[in-house]
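A quick write-up on the structure given underneath.
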Amino acid sequence: MKLIEVKDYQEMSRRAAEFIIEKVRNAHAINLGLATGGTPVGTYQCLVEDHKKNLTSYKNVTTFNLDEYVGLSGKNPNSYRYYMNENLFNHIDIDASHTHIPQGNAEDLEKECIFYEQEIERHGGIDLQVLGIGSNGHIGFNEPGTSFNTGTHIVDLAPSTREANARYFASQEEVPSKAITMGISTILKSKEILLLVSGERKQEALVKLFEGEVDERFPASVLKNHPCVTIIADEAAIPEKVRN
Ligand code: F6R
């Protein structure tokens, strides 16, 4: 795992966007895996600015998002489909039909999981997967204890995750209790991974990631088994122990 230390959230966002833009510009076509949450918002803003200024084109880009809440349609402002449209897709020249997010309101959720996994394969797999990390070590919505062998599946969200995400909802009770997420094995199949980490509340997770064993009780630890992981983390997220 390669660690790039940056000053703050803004610099993390800029460096992450540069990393992605370079891949998009150099590839004839590319499949990007994308994350939601607070961490990548600034990165998406930088991608949009660059698209406007430098005309980086997303015509040959296909995207697969990590996850979606169960029960929310894409029209719901708290859905990840809505978030992606608002933060990125509506502002770049990507073909909407090239953007994939699990359907949280699918009638048959099990079928949706199988379909999503097959769609990723059918498109040739993910070239670059962008990840954030939960303070409990979750990646996607793979909570602690998830088997490393899982593909796309339905999960019960951990109380700490529902609490962390309540800031986007009117109340904590409104945060869905389930989600569809790419599994750990889906994520590990990506050719390359870019993990973004910002802020003091992620410090403990970063220490565990660097110093702990690979263990299903800390899902992100599996990234140590992947041959091509870059982590961009800001000063607030990197404690002394990791820095030295
Ligand atoms: C989002 C996702 C999650 C988040 C994680 C961190 O698609 O899969 O794993 O990356 O919960 O969230 P933030 O960035 O809000 O701290």
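Within region 116-148, track down each residue that is in a helix (DSSP H, G or I) and surrounded by 17 or more Cβ atoms within 10 Å (Cβ to Cβ). Listed by number, the residues that qualify are 116, 117, 120. Among the residues of region 165-178, some residue qualifies, meaning at least one is aromatic (Phe, Trp, Tyr), more than 27 Å from residue 20 (Cβ to Cβ), out of contact with any Pro (no Cβ under 7 Å at 6 or more places or on another chain) and more than 12 Å from the ligand (Cβ to nearest atom). For region 54-66, check the following and say yes or no: at least one residue is within 20 Å of residue 129 (Cβ to Cβ), away from the ligand (no atom under 15 Å from the Cβ), of a type in the set (Phe, Trp, Tyr) and crowded, with 17+ Cβ neighbours inside 10 Å. Yes, region 54-66 has at least one match.
Test residue 38 against the criterion of being under 17 Å from the mean Cα position of the chain (by Cα), surrounded by fewer than 17 Cβ atoms within 10 Å (Cβ to Cβ), within 16 Å of the ligand (Cβ to nearest atom) and not acidic (Asp, Glu), and give yes or no. Here the answer is yes, as residue 38 does meet what is asked. Which of the residues belonging to region 115-138 are touching a Gly at 6+ places or on another chain (Cβ under 8 Å) and not acidic (Asp, Glu)? Within region 115-138, 126, 128, 129, 130, 131, 132 meet the criteria.
With respect to the conditions (1) over 20 Å from residue 150 (Cβ atoms); (2) away from the ligand (no atom under 13 Å from the Cβ), residue 203 lacks only one, and its number is (2). Selection of region 77-115 for residues being surrounded by fewer than 16 Cβ atoms within 10 Å (Cβ to Cβ) and in contact with a Phe, Trp or Tyr (Cβ under 6 Å, 6 or more places away or on another chain) yields 78, 93. Within region 138-156, restricting attention to residues that are touching a Ser or Thr at 6+ places or on another chain (Cβ under 7 Å) and near the ligand (Cβ under 10 Å from one of its atoms), the residue that is nearest to residue 34 (Cα to Cα) is 140.
I'd like to know if region 186-193 contains one or more residues that are charged (D, E, K, R), in contact with a strand residue (DSSP E or B) (Cβ under 8 Å, 6 or more places away or on another chain), within 16 Å of the ligand (Cβ to nearest atom) and closer than 19 Å to residue 35 by Cβ. No, region 186-193 contains no residue that is charged (D, E, K, R), in contact with a strand residue (DSSP E or B) (Cβ under 8 Å, 6 or more places away or on another chain), within 16 Å of the ligand (Cβ to nearest atom) and closer than 19 Å to residue 35 by Cβ.
Only one of the numbered conditions (1) touching a residue at least 60 places away in the same chain (Cβ under 8 Å); (2) closer than 21 Å to residue 232 by Cβ is not met by residue 78, and that is (2).
Coordinate-derived values only; no laboratory data. All values derive from a computational prediction rather than experimental measurement. In this analysis, Cβ positions are derived from the backbone assuming ideal geometry, glycine residues included, and neighbour counts consider all displayed protein chains.
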